[in-house]
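Please treat every number below as a calculation from the coordinates, not as lab data. Computed from a predicted structure; not experimentally measured. Note that we place each Cβ from the backbone using ideal geometry, even for glycine, and neighbour counts take in every protein chain shown.
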Amino acid sequence: MITDDIDFCVEKLKAEELVAFPTETVFGLGARADSAKAINKIFKTKSRPSSHPLISHTHDIHKALSVSKEVPQYALQLAEKFWPGPMTLVLHCDDDKQISSEARGGHDSVAVRVPSHPVAQELLSKCDFFVAAPSANRFGRVSPTKSQHVQEEFADELIVLDGGQSQVGVESTIISCLEDKPQILRTGKITKEEIETLTGLEVISEGVIKVAASGTLDNHYAPSIPVYLFDDESEIVLKHLDPAKCAVISLKETNLIFALENNPKDVNEYAHELYSFFREAEQQDCQAICVFPPPNIGIGVAVNERLQKASNTFKD
Ligand code: TXA
Ligand code: MG
């Protein structure tokens with residue numbers, strides 16, 4: 001069921017039930033982080049391996065940082081600048097009570113986030129616990145950016161708090177703050193350049209810290225129909241695709257007639273539209289999704305990373 005009753009959702013969370021809720025990145029599948037019983041429901045509902053740690057959400061920056069006694073100066077800077085917002089910080093966890101081992105996938109670090117979405121803010125401010133939430137999709141599927149997406153994914157079993165379409169449209173930037181320099185574990189709206197400018201530190205490259213992170217699996221973010229990346233329209237014909245049976249997303253209007261066409265006006269709108277467009281193409285039973293990727297600037301880096309992964313399964 002889809003509801004806009006925030007107090008009802010708070011009661012359900014308190015009672016160790018699951019509630020899907022909107023954030024500015026994507027919708028989350030929430031449960032109280034201090035309850036092993038509630039967290040296990042997330043893993044079961046998503047069919048996600050329980051060793052994959054979850055992000056714990058709260059409304060307040062200081063509460064978020066209170067989980068750790070070892071918050072580096074640069075993490076504080078990042079929190080003050082980008083929270084509330086589309087950023088997740090991985091910190092050493094010193095609060096086993098509030099963040100159960102189950103929410104952390106058994107790790108001794110914790111991922112925390114303060115979302116800015118007004119509905120998420122109100123929901124979280126009424127909870128005296130952290131709400132752990134992965135994206136509200138079945139394991140390996142595209143993240144939902146509308147309440148209807150969540151409902152379609154889990155049918156009527158689940159309570160979904162409404163909140164319009166997620167503004168950013170791709171998942172949060174995850175930054176590990178476990179070393180003396182920040183490390184990006186997953187790209188998002190907050191970019192490497194922004195982190196370096198703010199902190200004056202060089203962001204260390206991927207792959208130094210090894211934690212099971214779902215978004216880092218190669219087949220993640222893939223819709224059920226093939227995704228092909230193109231630079232030029234002529235390549236579509238060469239691939240023997242019939243545009244009339246395909247969907248296309250491109251910053252520029254195309255000359256061919258497609259079953260479904262989306263022309264975002266810039267890279268931010270591209271990110272905002274992408275997952276929703278994937279789902280629409282699936283629903284219309286398109287033969288393939290033809291993608292003209294946006295430039296690799298700003299959130300374009302995160303979009304291109306998702307596009308690479310979405311198209312990986314179908315490379316031939
Ligand atoms: O935008 C988002 O981040 C959304 C909204 C709902 O907040 N959440 C989200 O959650 O994308 P999820 O579970 O789909 O992706 C979170 C990622 C996973 O890849 C997980 O492995 C990683 O965060 N993660 C969580 N805790 C971690 C930790 N302690 N160390 C490293 N990675 C961690
Ligand atoms: Mg996810």
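Assign one of three labels to region 1-124, namely rounded, prolate or oblate, based on the Cα gyration tensor with a ≥ b ≥ c the square roots of its eigenvalues; rounded applies when a/c is under 1.5, prolate when it is not and a/b is larger than b/c, and oblate otherwise. Could you put the intermediate results ahead of the total?
Working: a/c = 1.88, a/b = 1.21, b/c = 1.56.
The shape class here is oblate.
Computed over the chain with a Gaussian network model linking Cα atoms closer than 10 Å, the most mobile of Ile297, Ile159, Ile99 is Ile297. Can you list the lysines whose alpha carbon sits under 30 Å from that of Lys245, skipping same-chain ones fewer than 8 residues off? Within reach: Lys146, Lys265, Lys309, Lys315. Summarising the amide proton neighbourhood of Ala259: residues at separation of 5 or more, or on other chains, whose placed amide H is nearer than 5 Å comprise Lys245, Cys246. Considering only alpha-carbon pairs that sit under 8 angstrom and 6 or more positions apart, the relative contact order computed for the chain is 20 percent.
With contacts taken as Cα pairs under 8 Å at a separation of at least 6 residues, region 88-136 carries a relative contact order of 37 percent. Name the shape class, rounded, prolate or oblate, that the alpha-carbon gyration tensor gives for region 104-207, where a ≥ b ≥ c are the square roots of its eigenvalues, rounded holds for a/c under 1.5, and otherwise prolate holds if a/b is larger than b/c and oblate otherwise. Verdict is prolate for region 104-207.
Given the peptides 40-46, 144-150, arrange them by the average over their residues of other C-beta atoms within 10 Å, most packed first. Show your work: numbers first, answer last.
Working: 40-46: 17.9, 144-150: 24.1.
In decreasing order of mean packing, 40-46, 144-150 become 144-150, 40-46.
Bridgeable lysines around Lys37 (alpha carbons under 18 Å apart, same-chain partners fewer than 8 residues away excluded): Lys12, Lys14, Lys46, Lys97. Under a model in which nothing but the beta-carbon of Lys, Arg (+1) and Asp, Glu (-1) is charged, region 15-56 shows a dipole of about 220 debye around its Cα centre.
Summarising the strand pairing of the chain, around 45 percent of its internal DSSP beta bridges are antiparallel.
The charge dipole of the chain, taken about its Cα centre with unit charges on the Cβ of Lys, Arg, Asp and Glu (plus for the first two, minus for the last two), comes to roughly 660 debye. Among Val303, Val119, Val110, the residue with the largest mean-square fluctuation in a Gaussian network model of the chain, with springs joining Cα atoms closer than 10 Å, is Val119.
Comparing Arg113, Arg141, Arg306 in a Gaussian network model of the chain, where Cα atoms under 10 Å apart are tied by springs, the biggest mean-square fluctuation is seen for Arg141.
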